[in-house]
Amino acid sequence: MFRQLVLFSRLGFTTHYSFLYYLMKAGPASPPRLVSMEELMETAKGVSNMALAHKIVVNGGFQIKPAELPEGSLEKTVKEIVHKAFWDCLEAQLSEDPPTYDQSIKLVGEIKEALLSFLLPGHTRLRNQITEVLDLDLIKQEAVNGALDISKLAEFIIGMMGTLCAPVRDEEIKKLKDIHEIVPLFRAIFSVLDLMKMDMANFAVSSIRPHLMQQSVEYEREKFQKIFEKQPNSLDFVTDWLQEASDDLANLRCKNPPSPGVGAAASGVPVLCPAAVQNWAYLKLLKWDHVHRPFPETLLMDHTRFQEMQLELEQLTLTGSILLVMFNVAGAALSNLPGFADKIKTIIKVLLTGMHLPSFNLSESLATVGEKVCAEVNSCLSQHGFTPFTTEKEIALKGQIQTLGNSDNTICKLIDSRIQTFLESYLTSGHQKSFPAIPGGLGPIQREMEEIAVKYVRLVNYNKMVFSPYYDVILSKLLNKEESQLLGGISCLSFAGS
């Protein structure tokens, strides 16, 4: 079984979707079951297809991009060597007397197939043109008789590419017309054709997205159900996740029971109902310990997305804290200057790049941030006729920025709490078009918060739609248990159904 997992790792499935690990985990009351290679391959294929469909739906800006091999990697080196050898061979053939056109004709054939692949069923005239001009049999006869004009063929190919390409490629097509040597021209043509193929693929993705959205919920649920049928314990971590959220809300209500005559919603205390538990559970994902805790099984395809948002929010919390400290020290003089906050945010973003890497030194970076912020503040104050900071004020501002690196810093905790409140409000609002009121002190980072909120709520709502049948069953058992405890004498809980 270990060899099978190694094979899957080499095939790339574990980077696609780590559900294979969950397929083999042991439940609390069941021993691990060995899965056949055929079952693993079948499951991996279904998971891979599901992951692609999911990525297209949840990411509105999803695009297929060309693969970029790492600089200096063996794969990149081998690719460059092979390509150079091919083009050197073509150069040698065309330099012969008389020239040999075998390789050139094969390339024309590949170009012909590429051009035909861009056509729609109604493009009859263009199809006929391509077929007639790029008739390989005729081209071979011309080559044998010494009458082949490669430059003329290239001119037709470039013209046809200009007709079929997206407007964004017009500049690349224009550059092709300035290349007069055959081998560099062929290389450039294939490079632009690759871009055109990418454009066509992305056009297809954008075209199917609305239809895919309609079908994807049922599609993903069906795929997950097949996995669930093979491994009934594949919702263990989801159950733990929802149980923890339910316990958190129950504890909150114990500590902050609604006042007599005041409803739970009016009191500001979350109601213990399925919707509230789910929302609280999803908020917990933004504080997840990804190193030591397994992620809920239903959300594995979005594990990286939630983790990236968590890192974004951590950096945004620190940025918001720095801005709050800066404006508090500087006073009202700078708070309303257009563009000043954005300039400071850009500086902070650059200096905090990589703050989640083990090698990152937060203390040193915050010291540099303090220096840069003080310099920008003084420059701006002088520019607008205000008195620059005194030395004592600079030292105070730098010191306050430096203390933001402490894990128990009060200002960071305040900003973090208000960001969480904003996200919770937006999540419980049902994703209305308008955002909830921005909490105090978060104005300078409002745009960034709203961008993250849109991504976060879109992801949460989509996952809710896909997996609601599973969550409903789990939450029904959990909340019925809470209700039974309530009836048994635990009076601090106030259960409210959905």
Could you tell me whether region 321-336 includes any residue that is assigned to a helix (DSSP H, G or I), of a type in the set (S, T, N, Q) and more than 20 Å from Asp416 (Cα to Cα)?
no
Scan region 162-179 for residues that are farther than 21 Å from Phe86 by Cβ and either over 39 Å from the mean Cα position of the chain (by Cα) or in a helix (DSSP H, G or I) (or both) and jot them down.
Gly162, Thr163, Leu164, Pro167, Val168, Arg169, Asp170, Glu171, Glu172, Ile173, Lys174, Lys175
Can you report the number of residues in region 133-147 which are out of contact with any Leu (no Cβ under 8 Å at 6 or more places or on another chain), free of Cβ contacts under 8 Å to residues at least 40 places away in the same chain and either part of a loop (DSSP other than H, G, I, E, B) or closer than 17 Å to Leu164 by Cα (or both)?
3
How many residues, within region 115-152, are under 16 Å from Leu193 (Cα atoms) and surrounded by fewer than 19 Cβ atoms within 10 Å (Cβ to Cβ)?
3
Would you check if Ser359 is among the polar types (S, T, N, Q), farther than 19 Å from Glu450 by Cα and assigned by TED's automatic domain parsing to the domain that holds Val325?
yes
Residues that are assigned to a helix (DSSP H, G or I), in the same structural domain as Leu324 (by TED's automatic domain parsing) and under 24 Å from Leu324 (Cβ atoms): does region 462-477 have at least one?
no
Give the residues of region 57-81 that are part of a helix (DSSP H, G or I) and at pLDDT below 85, sorted by residue number.
Val57, Val58, Leu74, Glu75, Lys76, Thr77, Val78, Lys79, Glu80
Against the conditions (1) among the small types (Gly, Ala, Ser); (2) part of a helix (DSSP H, G or I); (3) at positive phi, where does Gly354 fall short? Just the number, please.
(2)
Hey, can you tell me all the residues within region 368-418 that are free of Cβ contacts under 8 Å to residues at least 12 places away in the same chain and under 18 Å from Ile445 (Cα atoms)?
Lys413, Ser417
Residues satisfying the stated conditions in region 77-99, i.e. in contact (Cβ under 8 Å) with a residue 12 or more places away in the chain and in contact with a Leu (Cβ under 9 Å, 6 or more places away or on another chain):
Leu90
Taking the conditions exactly as written (free of Cβ contacts under 8 Å to residues at least 40 places away in the same chain, in contact with a helix residue (DSSP H, G or I) (Cβ under 6 Å, 6 or more places away or on another chain) and assigned by TED's automatic domain parsing to the domain that holds Leu286), does Ala437 satisfy them or not?
no
Identify all residues within region 337-351 that are in a loop (DSSP other than H, G, I, E, B) and among the aliphatic types (A, V, I, L, M); write none if there are none.
Leu337
Can you tell me which residue among Ile182, Ile158 is surrounded by 16 or more Cβ atoms within 10 Å (Cβ to Cβ), farther than 30 Å from Ile474 by Cα and modelled with pLDDT under 90?
Ile182
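The values are calculated or read from the model by the stated rules, or taken from the named source; none is laboratory data. Since the structure is predicted, the reported quantities are computational estimates derived from the model, not experimental observations. Please note: Cβ atoms are built from the backbone with ideal geometry, for glycine as well, and neighbour counts cover all protein chains shown.
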